[in-house]
Ligand code: C2E
Ligand code: MG
Ligand code: MG
Ligand code: MG
């Protein structure tokens, strides 16, 4: 809205908006320097199997060690990266770094470990997406099923031949695809038949709804039914309490991710966790996975 500014006539920005704009410009410039200055880092959050009481995978979650603002979460900069087109370079960095780290861990003996990476809708639509991924995976000699690409339902809304072809190519090469934040966006479930999906991740908002008195969420029950019906893997995200874990387990969901097991953490901490977990695989309770 055009604002009156007294004697100078009209201007578009109030002083507040100017501060905002200035901040944005400087964040944008800093973001441009983040890769040359090596300020990005991947944190990893374990995905655990309750049955096997083991770490089956790790989700890579980007962090930015900003020179003055400290550790920033993706919520603070991914949108800006998307708007400015810098997301392309960032995605390439994330993919390469995740592959490098996974190859390192697999070479240490964690040979069944897989990694999940988040890919923004626009990035997924990039022409060279599949080739780029394949390139990194062959550079680091990773088997295709050691990588899972997480996309959101939003991308399926586009329902373009290019999206479905890309998904098919990924699946043909053996790379897994999971639907992140499942249940929050797309209202038609028909796409589950159309698109080659491996896993659905129950959004944390539904997990949060599992109350302390073991109330069963009809949405979670429905999602579990859908996963079983379509023969899809299922993983619940945002599991924070024992009660939520037990309820999900009782309902038949065995794979989970959340603060109950571990917060996302830097690679060195995850490595200690991996070593600890492997040497204690005989433990019956998944409690040992809990990060102090
Ligand atoms: P997401 O992929 O759905 O990741 C799950 C988010 O929930 C993460 O936030 C994680 O730290 C948080 N979380 C995990 N367990 C719990 C829990 O028990 N309770 C609660 N309350 N939260 C939990 P984070 O790391 O801030 O990432 C936010 C989003 O940013 C991600 O959501 C993902 O969509 C996006 N993102 C992260 N890394 C990347 C990346 O490398 N590239 C792109 N394009 N997007 C990314
Ligand atoms: Mg994700
Ligand atoms: Mg999610
Ligand atoms: Mg999310």
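So if we plug the beta-carbon distance of residue 259 and residue 165 into 1/(1 + (r/R0)^6) with R0 = 51 Å, what FRET efficiency do we get, rounded to 0.05? Please report the intermediate quantities before stating the final value.
Details: r = 37 Å, r/R0 = 0.73.
Efficiency computed from Cβ-Cβ geometry: 0.85.
At a 10 Å Cβ-Cβ cut-off, how would you order 226, 62, 25, fewest neighbours first? Spell out each step's value before the answer.
Working: 226 16, 62 23, 25 10.
Fewest-to-most Cβ neighbours within 10 Å comes out as 25, 226, 62.
Per 0.36 nm of contour for each residue apart, how much would the distance between residue 33 and residue 131 grow if the chain were fully extended, relative to their Cα-Cα spacing? Walk me through the numbers before you get to the answer.
Working: separation 98, 0.36 × 98 = 35.28 nm, distance 2.62 nm.
Gain in length upon complete extension: 32.7 nm.
Among 67-77, 256-266, how do they line up by average Cβ neighbours within 10 Å per residue, starting with the highest? Let's see the in-between values first.
Working: 67-77: 12.7, 256-266: 19.7.
The densest-packed peptide leads the list: 256-266, 67-77.
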Computed, not fitted: 222 nm per-residue ellipticity of the chain from DSSP H runs ≥ 4 (each -39500 (n - 2.57)), nearest 500, equal to -12500 deg cm²/dmol
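How do the peptides 165-178, 86-99 rank, highest first, by the average count of neighbouring beta carbon atoms within 10 Å per residue? Intermediate values should be presented prior to the final figure.
Working: 165-178: 17.7, 86-99: 19.5.
In descending order of packing, they fall as 86-99, 165-178.
By counting other Cβ atoms within 10 Å of each Cβ, how are 191, 44 ranked from fewest to most? Before the final figure, lay out the partial values.
Details: 191 15, 44 27.
The order, fewest Cβ neighbours first, is 191, 44.
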At R0 = 51 Å the Cβ-Cβ FRET efficiency linking residue 22 and residue 228, nearest 0.05, sits at 0.45
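Rounded, prolate or oblate: pick one for segment 133-217, where a ≥ b ≥ c are the square roots of the eigenvalues of its C-alpha gyration tensor, a/c under 1.5 means rounded, and failing that, prolate if a/b is larger than b/c, else oblate.
On the way: a/c = 3.13, a/b = 1.61, b/c = 1.95.
Because a/c hits 1.5 or more and a/b fails to exceed b/c, segment 133-217 counts as oblate.
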log10 of Debye I(q)/I(0), alpha-carbon scatterers only, for the chain at 0.11 Å⁻¹: -0.72
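Which of 182, 206 comes first, and how do the rest follow, when ranked by fewest Cβ neighbours within 10 Å?
Numbers: 182 26, 206 21.
Exposure proxy ranking, most exposed first: 206, 182.
Laboratory data are not the source of any read-out in this text; all were calculated from the coordinates shown. Owing to the predicted nature of the structure, the values given are computational and were not obtained by experimental measurement. When we count neighbours, we look across all protein chains shown, and the Cβ atoms used for this are built from the backbone with ideal geometry, even at glycine.
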